[in-house]
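What follows is a short report on a single structure.
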Amino acid sequence: MDKHPDLLKNCNETFSGFRMGGSELKSLLFGNGVTIQFGGKEYLNEKIIKRAINNINIKNFPGEIYPREIKDWLLLLHSRIPAIVSGEYDDCAYTTGMKSSLIHFKERYADTTPKTKVHEIGFEDYFLVHFLVCFREKIVNPEKYHIKESLRCLFIDSIYNNGKIQNLYHQYPGKFVEFLKSFDNIYTTNYDWNVEKATGYSVQYLHGAFHHISEVYDPESFRNQLSDSPIKNTTLIKGFEHLYSNALTSYSGEDKKFALDMGISANIAIEKFVRGLKEKPELWDQVREWEKSDSQILKNMYEGIVLKTKQEDLRFKENKSLYNISELTGELSILGLSPFNDNHIFEAIMNNQQLNEIIYYYYDPHEANVVKSLLSSKNIKYVNSRELWASFS
């Protein structure tokens with residue numbers, strides 16, 4: 001006999017809508033909480049950073065992709081955090097987005113001291129610290145970019161965990177898979193393919209995926225058909241495909257949104273140019289001058305326009321998942337997703353006037369309060385995620 005009949009009764013009532021199969025569309029947005037549920041502490045922030053450092057210490061990392069010195073850079077960034085919190089780096093935030101992120105950073109880490117451990121800081125927050133320190137130390141591109149990419153690879157490699165994360169779907173109970181299959185659309189901020197493998201459904205990866213190669217490393221991409229093709233100077237190392245993926249890491253939702261919009265904006269711009277040249281061929285004389293420009297951006301624009309006029313189906317890679325969320329109708333369930341650092345997603349949900357109801361599964365009541373403030377005009381049902389997981393066991 002079941003020991004918790006009331007709990008299961010409430011769960012069944014709560015989730016009955018998912019199994020009814022009505023006409024209203026039902027979508028799911030899930031985050032790292034799902035990974036932690038089946039992968040345990042291995043995928044908490046603390047373990048991700050500790051494993052990243054340990055990988056360097058035991059030489060379990062691809063030195064051809066990111067150097068041993070990136071560990072030293074991480075520790076240097078950590079050492080600067082007390083000074084950042086005290087306001088010494090305020091003048092190093094040179095964009096509106098950075099200034100806003102710095103305010104929230106200082107609020108979250110107000111109690112930071114020199115004794116605060118390196119793993120007690122969110123790994124994505126280190127990217128903000130990186131930009132602040134680079135500004136103070138006058139480190140500019142391309143060095144600033146290469147260091148940032150090495151930091152990204154350090155963390156992505158740790159999250160990948162020698163591929164272990166990609167096999168968590170084998171631990172999914174049947175009832176959880178049924179729950180997943182009850183949705184019409186599935187979105188995630190995770191990089192792993194577990195839900196896709198478990199359900200056979202297409203999943204939209206808001207921040208990229210380990211198994212989706214970045215346009216920079218795809219030999220067939222539009223970007224690599226330009227004369228300054230990045231792939232020409234890159235040797236892809238077998239076994240580390242996840243480090244060449246489009247897995248996105250950044251310190252703020254605004255920065256992530258900018259990265260997601262790049263491909264879409266580039267396609268809009270180049271298609272606009274091509275249409276304009278068809279309507280006014282006399283403009284070609286001006287465009288051809290870009291070929292000899294000192295600006296690589298203008299040179300690339302010229303080459304891109306020429307290629308596009310010859311092959312109209314050429315497009316830069318786009319990730320429209322965030323846009324698709326802003327167009328969703330019906331009901332949206334949010335599971336295992338913290339409201340911190342991903343404000344671009346909650347902003348898209350907030351601006352979507354077609355969603356009738358939102359179900360937010362919270363682990364910590366504080367998360368529910370934050371979501372309530374982020375989605376103040378929405379009809380939200382709050383459910384303790386522990387009840388959901390209990391219903392699958």
- prompt: Over the chain, what is the relative contact order in whole percent, taking alpha-carbon pairs under 8 Å and six or more residues apart?
  reply: 20 percent
Of all DSSP beta bridges in the chain, antiparallel share, percent nearest 5: 5 percent
field: Cut-off 18 Å, label 7 Å out along Cα→Cβ of Asn324, residues of the stretch 175-193 by amide N
entry: 180-193
field: the stretch 244-329: GluC sites (Glu not before Pro) in DSSP loop, at most 11 other beta carbons within 10 Å
entry: Glu312, Glu327
- line: Once both label points are put 7 Å beyond Cα along the C-beta direction, the Ile103-Glu312 separation in nm becomes 4.8 nm
message: Tell me the label only: which of (1) 1.08; (2) 0.99; (3) 1.03 is Rg/Rh (Cα atoms, Kirkwood Rh) as calculated from this structure?
response: (2)
- prompt: So, in nm, how far is label Asn379 from label Glu279 when the simple model puts each one 7 Å beyond its Cα toward the Cβ?
  reply: 4.3 nm
message: Per residue, how big is the convex hull of the stretch 250-393 when only Cα atoms are used? Give it in Å³.
response: 163 Å³
statement: Length gained if Lys272 through Asn60 is fully extended, taking 0.36 nm per residue and subtracting the Cα-Cα distance, is 71.6 nm
- prompt: Rounded to two decimals, what is Rg over Rh for the stretch 241-286 when you use alpha-carbon atoms and the Kirkwood radius?
  reply: 1.25
query: Where the accessible area of the stretch 213-355 is counted over protein heavy atoms with a 1.4 Å probe, how much of it, in %, is carbon and sulfur?
result: 52 percent
query: Relative contact order, percent, of the stretch 152-265 when contacts are C-alpha pairs under 8 Å separated by at least 6 residues?
result: 23 percent
Amide H partners (placed H, <5 Å) of Leu29, local residues excluded: Tyr187, Ser333, Ile334, Leu335
- request: Take the Cα atoms of the stretch 13-148, build their convex hull, and give its volume per residue in Å³.
  value: 201 Å³
query: If you take the beta carbon distance between Lys232 and Gln354 as r and set R0 to 51 Å, what does 1/(1 + (r/R0)^6) give as a FRET efficiency, to the nearest 0.05?
result: 0.70
- request: State the extension gain, in nm to one decimal, for the chain segment bounded by Thr113 and Glu220, taking 0.36 nm per residue of separation less the distance between their alpha-carbons.
  value: 33.6 nm
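The values are calculated or read from the model by the stated rules, or taken from the named source; none is laboratory data. The shown structure was predicted, so the numbers you read here are calculated from the model rather than taken from an experiment. Cβ: placed from backbone, ideal geometry, glycine included. Neighbour counts: every protein chain shown. Ligands, DNA and RNA are stripped out before the accessible areas are found, and what is left, the full protein with its side chains, is counted by its heavy atoms. Shrake-Rupley method; radii C 1.70, N 1.55, O 1.52, S 1.80 Å.
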